[in-house]
Amino acid sequence: MKVKGVYLFLFLTAAVFVQCRTSVEIEDPATGFYETELFKDVQLAHLYEDSKTFVDLERDEDFGTLANRYLTEREHPGFDLMDFVQAHFRDPGQKKVSFTSDMNRDMYSHIGVMWDVLGRGPDTLNPNSSRIPLPHPYIVPGGRFKEIYYWDSYFTMIGLVSDNRMDIAEDMVANFAHLIDSLGFIPNGTRDYYLTRSQPPF
C-alpha cells in the first residue's frame, strides 16, 4: 500500500504541475470566443440541454466577425437567439454511426466491433471549430465525447493491445507525441477549451 501511495502522489503531482505550467505558457487562441457576449448569452440561455453542444459546433465565420455581427443584430426588433445560432453554427456530424448491439456476441467480440464504431481521424484543420486536429486515426470515448481524451485513451490502448490492434494503439501514441510537439503537453481532450489543463496519466 505504501508503494501504491507513493505512485499516486507522483502521479497527481505531475498532473498538477502540468496544469499550472501550461496555464501560464500556453496561449489559448480561442479564448476570445469564450469571452464574447454571444458565447455567454447562448450558454446562459440554455439553448441546448448539454452545455458541450454549443462549443463543439462549427462557426461559419471567424469568431470576431460573428461576435460583432451578433452585437448588431440582437438590437433588431424580433431578434431570436436560437435563429441566429442556427444560421451561423452547424454540427459537423463527424461519423454519425447507427449502431445496435448484437446480444449474441460475447464481450470480447463486442469490444472488437466497437473499434471501428468509435474510430475517428485523421483530422483536417478548421479555424472555425474548437477541435484540435490530429494527424493519425484514433478512438473516441463515444456519446457526447467526439474527440480524443488523455485519461480515457490510456484504458482504450490497453484494450487495443489486448485485442491485437497495435496499429491503432501506435497511431494514438503518435497523436500524443504530436500534441507534445505542437502544444508542449497533452490536454484533457482535443478541444481548444481544454488548453489550460491536462489529465492523468502524466
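Could you please find all residues in the range 98-132 being closer than 18 Å to Tyr193 by Cβ and surrounded by 15 or more Cβ atoms within 10 Å (Cβ to Cβ)?
Of everything in the range 98-132, those that are closer than 18 Å to Tyr193 by Cβ and surrounded by 15 or more Cβ atoms within 10 Å (Cβ to Cβ) turn out to be Asp123, Asn128, Ser129, Ser130, Arg131, Ile132.
Here is a check on your reading of the model: is Ala87 among the small types (Gly, Ala, Ser), within 23 Å of the chain's Cα centre (by Cα) and within 26 Å of Thr124 (Cα to Cα)?
no
Regarding Gly121, is this residue over 21 Å from Phe33 (Cβ atoms), within 13 Å of the chain's Cα centre (by Cα) and without any contact (Cβ under 8 Å) to a residue 12 or more places away in the chain?
It is false that Gly121 is over 21 Å from Phe33 (Cβ atoms), within 13 Å of the chain's Cα centre (by Cα) and without any contact (Cβ under 8 Å) to a residue 12 or more places away in the chain.
Bear in mind that the values in this text are calculations on the coordinates, not laboratory data. This is a predicted model, so every value here is computed, not measured. Ideal geometry is used to build each Cβ from the backbone, glycine not excepted, and the neighbour counts take in all protein chains shown.
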